[in-house]
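The values are calculated or read from the model by the stated rules, or taken from the named source; none is laboratory data. Small disclaimer: the values here were computed from a predicted structure and weren't measured. Neighbour counts are summed over all protein chains in view; Cβ atoms, including those assigned to glycine, are modelled from backbone coordinates with ideal geometry. We work out accessible area using only protein heavy atoms, side chains counted, and drop any ligands, DNA or RNA first. Shrake-Rupley method; radii C 1.70, N 1.55, O 1.52, S 1.80 Å.
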Amino acid sequence: MPKLVDHEVRRREITAAVRRVIVGGGLEAVTFQSVAAEAGISVRLVQYYFGTKKEFLLATHRSVMDAAGVRFLQRWTSLGENPEPRAAIRAVLNEVLPLDDRRTEEAVVLGAFNTAAITGLGITSEETLAAPRALVMLVAQQLKRTPEATATPDLDAELIGAAVGGIAQGTLAGYCTREGAVELLDHLLDRVMGTQPSG
């Protein structure tokens, strides 16, 4: 009897292989051949699941954002029913920083997509900006819950989003350590929302 294949599992295996290829050599290293070799399957099978290179690249981007979204939700839920705004913002933004191997891989992959959007490698920023925009919107919502902290919550949320992206990429490049990245995030939130009371 032929073995039944779970198509969604196979698609995830392929996008996981794409992620590994990107981490090893950037977006330019991604081809049907390199992905097939990394996944241990035939080129024809990759083409069966993804008709074009752009298809599996965008599916890979979605897979990274989906994984991060699951962690965001878990962190959010762990804070309780009505989390304090700063704690909520900090918890979610910590999931963007490359503080462990999994988040480091994700940051490398997302950085490659950002570079592709800038350099015109077939991926546009409009195809990859939905998640960052949602993150900025979430931060703005939390800032609006503490109006005494900032008079310009939407602008400050944009600033926080841009700064955290920079901190993440700087950490990857060795500009600061993982511990330093968390310290920079806390300092940023202090500057925008006020210093945390000690004790």
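Could you give the nm distance between label points at S125 and H7, where each point is 7 Å from its Cα heading toward the beta carbon?
Between S125 and H7, the label points sit 3.6 nm apart.
About its Cα centre, how strong a charge dipole does the chain have in debye, to the nearest 20, once Lys and Arg get +1 and Asp and Glu get -1 at the Cβ?
The calculated dipole for the chain is roughly 600 debye.
If the elastic network links every pair of Cα atoms under 10 Å, which of A37, A116, A157 fluctuates the most in the Gaussian network model of the chain?
Taking springs between Cα atoms under 10 Å, the residue moving most is A37.
Equivalent-ellipsoid semi-axes (√(5λ), Cα gyration tensor) for segment 123-199, whole Å, largest first?
22, 20, 8
When the chain is modelled as a GNM with alpha-carbon springs shorter than 10 Å, which of G24, G161, G80 fluctuates the most?
Per the Cα network of the chain with a 10 Å cutoff, G80 tops the list.
I'd like to verify something in the chain: which complete DSSP H helices, judged by Cα projection on the helix axis, reach 15 Å or more and average at least 1.0 on the Kyte-Doolittle scale?
none
Please report, in debye to the nearest 20, how large the charge dipole of segment 138-195 is about its Cα centre when each Lys and Arg carries +1 at its beta carbon and each Asp and Glu carries -1 there.
It comes to approximately 100 debye.
Would you mind working out the accessible area per residue for segment 122-168, using a 1.4 Å probe, and quoting it in Å²?
53 Å²
How do V43, V136 stack up against each other in accessible area, from largest to smallest, with a 1.4 angstrom probe?
V43, V136
When the dipole is taken about the Cα centre of segment 1-89, and only Lys, Arg (+1) and Asp, Glu (-1) are charged at their Cβ, what size is it in debye, to the nearest 20?
180 debye
For segment 39-111, which GluC sites (Glu not before Pro) pass both filters: DSSP loop (anything but H, G, I, E, B) and at most 12 other C-beta atoms within 10 Å?
Answer by residue number: E81.
Just for the Cα atoms in the chain, what are the lengths along the principal axes, largest first, rounded to whole Å?
If we take the Cα atoms of the chain, the spans are 63, 39, 29 Å.
Rounded to the nearest 10 Å², what accessible area does K54 show when all protein chains are kept and the probe is 1.4 Å?
Its heavy atoms expose roughly 80 Å² to the probe.
Ignoring ligands, DNA and RNA, please state the percent of accessible area on the chain from carbon and sulfur, probe 1.4 Å.
The computed percentage sits at 57.
Can you figure out the FRET efficiency of T31 with D186, using R₀ = 35 Å and their beta-carbon distance, to the nearest 0.05?
Efficiency at R0 = 35 Å is approximately 0.25.
Multiplying the sequence separation of A163 and E179 by 0.36 nm and subtracting their Cα-Cα distance, what value in nm do you get?
The A163-E179 span can extend by a further 4.1 nm.
Go ahead and set up a Gaussian network model of the chain, Cα springs under 10 Å, then flag whichever of D66, D154, D101 fluctuates most.
Greatest mean-square fluctuation among the candidates belongs to D101.
Extension gain A87-A151, at 0.36 nm per residue separation less the Cα-Cα distance, in nm?
Between A87 and A151, full extension yields 21.1 nm more.
Compute the orientation-averaged projected area for segment 5-84 from the convex hull of its Cα atoms and round it to one decimal in nm².
6.8 nm²
Placing +1 on the Cβ of each Lys and Arg and -1 on the Cβ of each Asp and Glu in the chain, which of T15, T119, P153 has its Cα farthest towards the positive end of the resulting dipole?
T15
Which trypsin sites (Lys or Arg not before Pro) from segment 2-42 combine a DSSP loop assignment with at most 14 other Cβ atoms within 10 Å?
Here the trypsin sites (Lys or Arg not before Pro) that fit, given the DSSP loop and packing criteria, are K3.
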